[in-house]
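Values quoted throughout were computed directly from the atomic coordinates according to the rules given, and no laboratory measurement underlies them. Since the model is a prediction, treat every value here as computed from it, not as a measurement. All Cβ positions, even for glycine, are placed from backbone atoms using ideal geometry, and neighbour counts span all protein chains on display.
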Amino acid sequence: MSSMTVNERPVKFDLPPDTPLLWALRDAANLTGTKYGCGVGDCGACTVIVDGEALRSCLITIAEAEGRYVTTIEGLSRDRSHPVQQAMVAQQAIQCGFCTPGIVMAAAALIQRNAAPSKDEIEAAVPNLCRCGVYPRLVAAIQQAGRVAQRKERISAAPAPGISAKDAARSVPAMAAPKTP
């Protein structure tokens, strides 16, 4: 049985020790925000943070994660208030959304250790693949997230989940439905 801390909660997986962390998170813990992309570590859709480091969960087994601290997209922030999540929305760096959790996790790990990354540092730390091609906006979003993390900037982006449509439109006027004549 492999034990670790996932999203600040102790977890034990009664699975073979060579089970990829990806499948333990998705199938046993029902944390489906971590996506299966390629299964060989190339795309980054399955990126999670393990002991502060962005890792491809398809490449790490639950035996290798034993005793470690794992954060998934669900554990980053319950209300989408993490600076990277807010900046991704503000910079419109999300299209289809499939790759977004992995990108957010890689970017969050980067911002944690370097809140003012250069474009080259971002490209090295977040090599995730995005079929929609949001890369230029992604760099801007991560740099903005760094400024927010340093409290040099604030973002008025998407409201927290659970807010009514009327309150959301009041909070973020661009989300208001167009007025019909």
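Tabulated data for the structure shown
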| item | result |
| --- | --- |
| Residue selected from segment 1-54 under the condition over 23 Å from residue 128 (Cβ atoms) and of a type in the set (D, E, K, R), by the criterion farthest from the chain's Cα centre (by Cα) | 14 |
| Subset of segment 20-64 [without any contact (Cβ under 8 Å) to a residue 60 or more places away in the chain and hydroxyl-bearing (Ser, Thr, Tyr)] | 32, 36, 57, 61 |
| Residue ID - surrounded by the fewest Cβ atoms within 10 Å (Cβ to Cβ), chosen from residues in segment 17-34 that are part of a loop (DSSP other than H, G, I, E, B) and out of contact with any strand residue (DSSP E or B) (no Cβ under 9 Å at 6 or more places or on another chain) | 30 |
| Members of segment 40-68 that are surrounded by 15 or more Cβ atoms within 10 Å (Cβ to Cβ), in contact with a helix residue (DSSP H, G or I) (Cβ under 8 Å, 6 or more places away or on another chain) and on the phi > 0 side of the Ramachandran plot | 44 |
| Selection within segment 69-82 - without any contact (Cβ under 8 Å) to a residue 40 or more places away in the chain, surrounded by fewer than 20 Cβ atoms within 10 Å (Cβ to Cβ) and within 10 Å of the chain's Cα centre (by Cα) | 77 |
